[in-house]
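Every number in this text was worked out from the coordinates using simple rules, so none of it is lab data. Predicted model, so just to flag it, every value in this text is computed and none were measured. Cβ: placed from backbone, ideal geometry, glycine included. Neighbour counts: every protein chain shown.
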Amino acid sequence: MLKLVKMNNIISVAIADDCQVFRYLMRKIISDSDDFNITIEAANGKELISNLGRSARLPQICVIDIGMPVMDGYKTIELIMKRWPYIKVLVYSQYYHPYAIGTMIKLGAKGFISKTENTKCILEALASIKEHGYFYSKYVTKQMFEMANNAHGEIPQFTSVEKHLLALFCTDMQYSKIAEKLHISKNTIEKHKQNISRKIGINSREGLMLFAIQNDLLDLHDAIN
């Protein structure tokens, strides 16, 4: 079994985020800390899983965004928990709807931080996970962990237009054709897509398609007709 990296009490950290600026800020913040060290960086979940699989020494904590391309945070944390359940996962994302948070906790995340907060709070979260195994914040409480561990995340409420769009996203129709069909502009479609993304933490069309299928929200007959 691979050993987790813990040399001279320094905790090793892996980060996965498609935003290069965020990864730069993380490096800058953690480089000033005597307690943590970034050993792996990835632009998406697939790259992170690949890097972990090749690593001779695994990190103790993974900091993961939810809305990543190629492989989002949901699938990434699921794979990490299956292959390396001893790695702690901290979610750091702009999506803080209860569904997104609850689902990530249900999958095994040990804490959540919103990207709307000061990035330096990441050290507080990492320190809490190091010492206690969890990080509680104004977004995530002990009660949320208990609820998530005993129930499935509640699916957010979608408007009729959002449900219709979710179904249309599961077709091969381009946005221009969807706009024409619904008699709305492409900008309006993009606004609805952003609202959906904020609720579930998924931004890519492929991810939205998978979400709709997994949660029985797909009604292609109503969408096409």
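At a glance:
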item: Matching entry among I11, I66, I105, I29 (being assigned to a helix (DSSP H, G or I) and surrounded by 21 or more Cβ atoms within 10 Å (Cβ to Cβ)); result: I105
item: Pairs, first on the phi > 0 side of the Ramachandran plot in region 173-201, second surrounded by fewer than 15 Cβ atoms within 10 Å (Cβ to Cβ) and among the charged types (D, E, K, R), C-beta under 6 Å, six or more apart; result: none
item: Residue that is surrounded by the most Cβ atoms within 10 Å (Cβ to Cβ) [pool: residues in region 79-101 that are in a helix (DSSP H, G or I) and over 11 Å from the mean Cα position of the chain (by Cα)]; result: I80
